[in-house]
């Protein structure tokens, strides 16, 4: 993927989807995180889980958009989550997302890599924004692939 092809992907929308926060799932996630059941779906981790689980692409499909595969070793970069209204057990949320930035960089030790950021918005049944998470993925690049 050339640098121009990479830059052209900024603004690409993800298919999106919906997710209902079923009580059984919320309970399992809270137990796995050793959190109190009283936290319910208001725990901020649920924003990331709902958003990435309903972005409309699998991780491999997201990697393919950037001409990468799991075998290339993509790495999770930064994350920034904003919660306007805590998520609620039993509610259904809609997720929409887009690629917000993409940059090629070169490190002395790491060589060429791309940093891609995507934002996922979580909306309630009234289409009000209740939370968003912006995350980045670092794609190592082999010289022959850039």
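A short reminder: the numbers here are calculations on the coordinates, not readings from a lab. In this text the structure is predicted, and so the values were computed from the model without any measurement. Here the Cβ positions follow ideal geometry from the backbone for every residue, glycine too, while neighbour counts run over all protein chains shown.
Please work out the Kirkwood hydrodynamic radius for the chain, using every pair of different C-alpha atoms, and report it in angstroms with one decimal place.
After inverting the mean inverse Cα-Cα distance, the result is 16.3 Å.
In nm, give the distance between the simple-model label positions of residue 76 and residue 4, each being 7 Å from the Cα along the Cα-to-Cβ direction.
3.6
Translational D (Stokes-Einstein, µm²/s) of segment 35-110 at 20 °C and 1.002 mPa s when Rh comes from the Kirkwood sum over C-alpha pairs?
Values: Rh = 15.2 Å.
For these conditions, the coefficient is 141 µm²/s.
Report, in deg cm²/dmol and to the nearest 500, the calculated mean residue ellipticity at 222 nm for the chain, where each DSSP H run with n ≥ 4 adds -39500 (n - 2.57) and the sum is divided by the residue count.
-6000 deg cm²/dmol
By count of other Cβ within 10 Å, fewest leading, how are 76, 113, 46 ordered?
Values: 76 9, 113 18, 46 28.
Final ranking by Cβ density, sparse to dense: 76, 113, 46.
Take the alpha carbon atoms of segment 99-146, find their center, do the same for segment 1-80, and report the distance between the two centers in whole angstrom.
Here the answer is 11 Å between Cα centres.
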